[in-house]
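Everything on this sheet refers to the single structure shown next.
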Amino acid sequence: VQDEGTEAVLRGNTIHHGKQAGVYVFAKAKADVFNNVIHSTCRAGVRVDDASQVALRGNRLFDSEGCGVLMSGKGTMGTLENNIITSNDLPGVLIFDCSAISCCAGNTVEGNGRCKIKRSEEALKGWPPAAAACYHAGKILPGVFVAKGSAINYSGPNTIEKHVGSGPQKMIDENYIYASDSMVTDN
């Protein structure tokens, strides 16, 4: 889904084994992504860039070689509600480069960040430095990673495994966060 003024609704689809992201929203486009099963992609299950907006509700995102949800770019906004995000190679949700989630509630984010695929230095370019350092250290990446300059403005209740947050504004409440042995302590 691309270009300003473009709006799409993706509902009830099964999207799998793509060579890139399962759903890619960019260049100021908007998408409502509801009740889809998105799995086994070579990149993120859902990627949102370039001041685009997405609402993700009731989706199952799993087994991607990237993140379950990747959001980047100034002005990029998302709503995540009642999604199940599991078993992705990288963090279940990765938010960076001044993007934000306005509402994050009712999600289950578990078993992500185990990096089954060895990444090259080229593949790590553009990652937030803390995520790349965590990867190089051989640690399990967090379920949700909010890089400096980005934010989750409302959160809860969610079940999140290994949460890391480090933005100028964050509100992480009503979450069940477990196995939190991350290297960042400003949650």
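The values are calculated or read from the model by the stated rules, or taken from the named source; none is laboratory data. Predicted model, so just to flag it, every value in this text is computed and none were measured. All Cβ positions, even for glycine, are placed from backbone atoms using ideal geometry, and neighbour counts span all protein chains on display. Heavy atoms of the whole protein, side chains included, go into the accessibility calculation; ligands, DNA and RNA do not. Shrake-Rupley method; radii C 1.70, N 1.55, O 1.52, S 1.80 Å.
At-a-glance table
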{"read-out": "Residue match in the stretch 43-54 (condition: open to solvent by 30 Å² or more (accessible area, probe 1.4 Å), in a loop (DSSP other than H, G, I, E, B) and either in contact with a Phe, Trp or Tyr (Cβ under 6 Å, 6 or more places away or on another chain) or of a type in the set (Ser, Thr, Tyr) (or both))", "value": "yes"}
{"read-out": "Search result, residues across the stretch 61-75 that are in contact with a Cys (Cβ under 6 Å, 6 or more places away or on another chain) and of a type outside the set (Lys, Arg)", "value": "65"}
{"read-out": "Candidates 101, 140 - the one that is at pLDDT below 70 and under 16 Å from the mean Cα position of the chain (by Cα)", "value": "140"}
{"read-out": "Of all residues making up the stretch 103-118, the number that are touching a residue at least 12 places away in the same chain (Cβ under 8 Å) and more than 13 Å from residue 66 (Cβ to Cβ)", "value": "9"}
{"read-out": "Flag for residue 19 being closer than 16 Å to residue 72 by Cα and touching a residue at least 12 places away in the same chain (Cβ under 8 Å)", "value": "no"}
{"read-out": "Pairs, first in a loop (DSSP other than H, G, I, E, B) in the stretch 79-102, second of a type in the set (Val, Ile, Thr), C-beta under 6 Å, six or more apart", "value": "89/117; 92/85; 92/109; 99/76"}
{"read-out": "Of residues in the stretch 56-73 being assigned to a loop (DSSP other than H, G, I, E, B) and not polar (S, T, N, Q), the one surrounded by the most Cβ atoms within 10 Å (Cβ to Cβ)", "value": "68"}
{"read-out": "Among (1) out of contact with any Leu (no Cβ under 6 Å at 6 or more places or on another chain); (2) at pLDDT below 85; (3) under 20 Å from residue 33 (Cβ atoms), the one test that residue 65 misses", "value": "(2)"}
{"read-out": "Residues of the stretch 26-37 that turn out to be open to solvent by less than 10 Å² (accessible area, probe 1.4 Å) and either farther than 29 Å from residue 115 by Cβ or within 13 Å of the chain's Cα centre (by Cα) (or both), as a count", "value": "1"}
{"read-out": "Check on residue 11, within 17 Å of the chain's Cα centre (by Cα) and open to solvent by 10 Å² or more (accessible area, probe 1.4 Å)", "value": "no"}
